[in-house]
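Colleague: To start, I am sharing the structure in question, which I have written as structure tokens.
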Amino acid sequence: MIALTEVDKGYVVPPHAHENDQTTWVFSGKWRFSLEGQTVDVGPGEMIFIRGNVVHTAEAVETLVGLRYLHTAAGGLAHGGIPT
């Protein structure tokens, strides 16, 4: 699954996990991710990779636009699709 995300400052994604790996790329604004006891800010032009089944949460520190990509460990699209 690939999704363009437009999120207002202050939005919080509650703690969750999914079986697929996740890559998030921020175009503008800033996400603050918390996972495995660490906090990571991801800003414009930056990406974060999160392994499947890792509990994580995110907060929009600034209004942001980004891309979220859920994929298999082999690099194909989650839920079917054309492998990369």
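The values are calculated or read from the model by the stated rules, or taken from the named source; none is laboratory data. On a predicted model such as this, the values are computed, not experimentally measured, just so you know. Neighbour counts are summed over all protein chains in view; Cβ atoms, including those assigned to glycine, are modelled from backbone coordinates with ideal geometry.
Colleague: Would you point out which residue out of GLU6, GLU36, GLU19 is in contact with a strand residue (DSSP E or B) (Cβ under 6 Å, 6 or more places away or on another chain) and of a type in the set (Asp, Glu)?
Modeller: GLU6
Colleague: Go through region 42-64 and give me each residue that's assigned to a strand (DSSP E or B) and either surrounded by fewer than 14 Cβ atoms within 10 Å (Cβ to Cβ) or among the hydroxyl-bearing types (Ser, Thr, Tyr) (or both).
Modeller: Those that are assigned to a strand (DSSP E or B) and either surrounded by fewer than 14 Cβ atoms within 10 Å (Cβ to Cβ) or among the hydroxyl-bearing types (Ser, Thr, Tyr) (or both): MET47, PHE49, THR57, THR63.
Colleague: I need the full set of residues from region 1-23 which are exposed (fewer than 15 other Cβ atoms within 10 Å of the Cβ), of a type in the set (Asp, Glu) and within 22 Å of GLY43 (Cβ to Cβ), in order please.
Modeller: Once the filter is applied, which keeps residues that are exposed (fewer than 15 other Cβ atoms within 10 Å of the Cβ), of a type in the set (Asp, Glu) and within 22 Å of GLY43 (Cβ to Cβ), region 1-23 yields GLU6, ASP8.
Colleague: Just to verify a result, which residue in region 48-82, among those that are modelled with pLDDT of 95 or more and of a type in the set (D, E, K, R), is farthest from the chain's Cα centre (by Cα)?
Modeller: GLU62
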